[in-house]
Amino acid sequence: MTSTVPVLILGGGPAGLSLAMYLRDRGIESRVIEKSSTAGGLARSFRVGPYTFDHSGHLLHTSRKEVLDLVQKRLKVGLNRIERRSVCYVEDKFIPFPYQQNLFYLKPETIREALRGFFRRKIKNPRNFLEWLEASCGSGIGRQFLYPYNRKLWNTDLSRMSADWVPRFLPSSDAREILKSAFYREKEPWGYNTVFYYPTRGGIGTIGGRLADQVSDRTILNARIRKIDLVKRLVHLADGSVWRYDRLVSTIPLPEFLKFAGLPPSPLLRSTGVSVFNVGLRREFPHDFHWCYVPEAHIPFYRFGVYSNISRRAAPRGHSALYIECAAPPDRLGRFRFSSVLRSLQKLRLIRSARDVDVVHRLDLRYAYPVPLLGLAAYRERLARRLGKQGVTLMGRFGAWTYVAISDVMVEARELAARL
Ligand SMILES: Cc1cc2nc3c(=O)[nH]c(=O)nc-3n(C[C@H](O)[C@H](O)[C@H](O)COP(=O)(O)OP(=O)(O)OC[C@H]3O[C@@H](n4cnc5c(N)ncnc54)[C@H](O)[C@@H]3O)c2cc1C
């Protein structure tokens with residue numbers, strides 16, 4: 001059976017659901033094709049025993065009134081405004097984040113190396129991510145923290161990555177700030193996410209769930225795409241049904257979209273996968289920070305966070321809930337074992353023994369971070385131009401293959417709905 005719809009949306013995560021909602025506001029009919037049995041994408045939460053987990057900690061990093069109004073007033077999700085407490089694990093201790101703003105806490109020889117590298121910076125016009133890091137913080141801070149952390153996260157030669165996405169996440173430091181940080185304790189919070197928001201109840205999934213409710217009558221769950229015919233503008237599903245569209249918006253991972261559409265894959269579409277270990281502990285967490293960056297190569301995770309320090313409801317009294325993130329190319333996620341995560345938690349003195357662990361839930365996210373390789377932006381532009389002529393728009397973190405957050409895709413959806 002063939003059905004016709006003006007706008008067909010592939011993927012029912014925050015991007016696809018927001019788009020369908022804004023299209024409805026404009027009186028435009030659409031359908032969302034979602035492969036899972038629940039919509040919400042990575043903005044979903046779930047319970048294991050008494051603990052509430054996200055698909056790894058998902059916090060709303062935005063100060064945009066538009067997004068906060070959407071979430072609080074339209075979706076009616078109560079939000080807590082939280083001042084960030086994040087740290088880095090270095091020299092066998094936790095120091096405040098960001099590293100380069102908190103040299104004060106480091107050993108004297110480490111501070112000397114950091115300052116020497118900073119004041120001997122040579123690169124003026126960085127051509128790639130590695131050069132950007134050096135130009136911004138110097139090779140000392142690079143070697144101590146920024147290079148190993150980013151290699152661990154991206155699993156990519158940093159000189160093959162572009163730098164155009166970086167300033168938003170990692171503002172560069174000036175000489176006064178760096179010098180000051182060597183001698184004084186930093187008082188002011190610094191960086192792009194000094195304040196964040198999180199639902200008062202139910203984890204980030206409250207937002208994904210309320211978005212899904214807005215367009216549940218337009219969402220087809222458990223849908224398996226078999227083929228996309230770009231010429232005839234048809235999407236064939238595995239159950240035999242066919243959808244004819246005027247405009248197709250894809251938010252599903254771009255490599256999969258290309259496969260369904262019979263287009264060639266590209267080596268520029270490289271992603272970092274993440275194994276998320278969600279852990280419930282039978283004890284209070286020993287620190288009050290929200291999350292921690294871990295650059296050391298022999299510790300399997302690059303970051304971990306504490307749901308129960310973000311929301312007291314994530315775990316019962318006297319217990320705590322953590323997310324622990326290990327990054328690798330998607331086909332190598334299998335190498336992470338909880339036993340080595342556990343040993344590292346003990347080394348960091350976060351648990352006393354395996355008996356502290358109440359529950360463990362593992363999620364392997366094949367698509368977690370689209371790697372911003374050099375040449376990717378130009379490829380994306382060419383592809384968008386070509387697909388645009390066939391009525392197709394790519395959007396969302398994995399659909400458009402770009403490093404964006406939930407609030408970004410919500411804004412992108414509103415803007416796109418106005419153009420369709
Ligand atoms: C480890 C990690 C931590 C993050 N932390 C944060 C954070 O703290 N704050 C924040 O704002 N953002 C965070 N993000 C980013 C956030 O998850 C994304 O920006 C957001 O989910 C993008 O929404 P989306 O709809 O584009 O993609 P998704 O949420 O991935 O949704 C895509 C949807 O498409 C569906 N789909 C996939 N393939 C198919 C198919 N073949 N057919 C039909 N449907 C399909 C999926 O099931 C999913 O529902 C994080 C991401 C990761 C990986």
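Side notes on the structure shown:
- If you go through the range 353-385 and keep only what is more than 24 Å from the chain's Cα centre (by Cα), surrounded by fewer than 16 Cβ atoms within 10 Å (Cβ to Cβ) and under 24 Å from THR52 (Cβ atoms), you end up with ALA354, ARG355.
- Those strands (runs of 3 or more DSSP E) of the range 27-124 in which at least 1 residues are more than 30 Å from THR251 (Cβ to Cβ) and away from the ligand (no atom under 16 Å from the Cβ), considering only elements entirely within it, cover 86-90, 93-96.
- Considering the range 142-178, and only residues there that are modelled with pLDDT under 95 and part of a helix (DSSP H, G or I), the residue that is surrounded by the fewest Cβ atoms within 10 Å (Cβ to Cβ) turns out to be ARG176.
- Restricting attention to the range 58-98, the residues that are free of Cβ contacts under 8 Å to residues at least 12 places away in the same chain and in contact with a helix residue (DSSP H, G or I) (Cβ under 7 Å, 6 or more places away or on another chain) total 1.
- Test result for GLN101, of a type in the set (S, T, N, Q) and at pLDDT 95 or above: no
- Residues of the range 22-50 that are aliphatic (A, V, I, L, M), farther than 23 Å from VAL242 by Cβ and either in contact with a strand residue (DSSP E or B) (Cβ under 7 Å, 6 or more places away or on another chain) or surrounded by fewer than 24 Cβ atoms within 10 Å (Cβ to Cβ) (or both): LEU42, VAL48.
- Scanning the range 319-330 for any residue that is under 30 Å from ALA238 (Cα atoms) and not polar (S, T, N, Q) turns up at least one such residue.
- The strands (runs of 3 or more DSSP E) falling completely within the range 223-273 that include 1 or more residues that are surrounded by fewer than 18 Cβ atoms within 10 Å (Cβ to Cβ), free of Cβ contacts under 8 Å to residues at least 60 places away in the same chain and of a type in the set (Lys, Arg) map to 225-229.
- Conditions (1) over 26 Å from ARG31 (Cβ atoms); (2) away from the ligand (no atom under 15 Å from the Cβ); (3) in contact with a strand residue (DSSP E or B) (Cβ under 8 Å, 6 or more places away or on another chain): number failed by ALA378: (3)
- With respect to being in a helix (DSSP H, G or I), touching a residue at least 12 places away in the same chain (Cβ under 8 Å) and over 30 Å from LEU373 (Cβ atoms), ARG283 falls outside the description.
- Taking each residue of the range 370-386 that is of a type in the set (Val, Ile, Thr) and looking for partners that are surrounded by 19 or more Cβ atoms within 10 Å (Cβ to Cβ) with beta-carbon atoms closer than 7 Å, six or more apart or interchain, yields VAL371/TRP154; VAL371/MET161; VAL371/ARG270; VAL371/SER271; VAL371/THR272.
- Candidates are the residues of the range 293-322 that are farther than 21 Å from GLY202 by Cα and within 14 Å of the ligand (Cβ to nearest atom); the one that is surrounded by the most Cβ atoms within 10 Å (Cβ to Cβ) is PHE301.
- Selection status of SER139, part of a helix (DSSP H, G or I) and not hydrophobic (A, V, I, L, M, F, W, C): yes
- Residues in the range 1-26 that are small (Gly, Ala, Ser) and in a strand (DSSP E or B): SER3 only.
- Number of positions in the range 34-58 that are under 18 Å from the mean Cα position of the chain (by Cα) and more than 23 Å from ARG317 (Cβ to Cβ): 9
The values are calculated or read from the model by the stated rules, or taken from the named source; none is laboratory data. Small disclaimer: the values here were computed from a predicted structure and weren't measured. Neighbour counts are summed over all protein chains in view; Cβ atoms, including those assigned to glycine, are modelled from backbone coordinates with ideal geometry.
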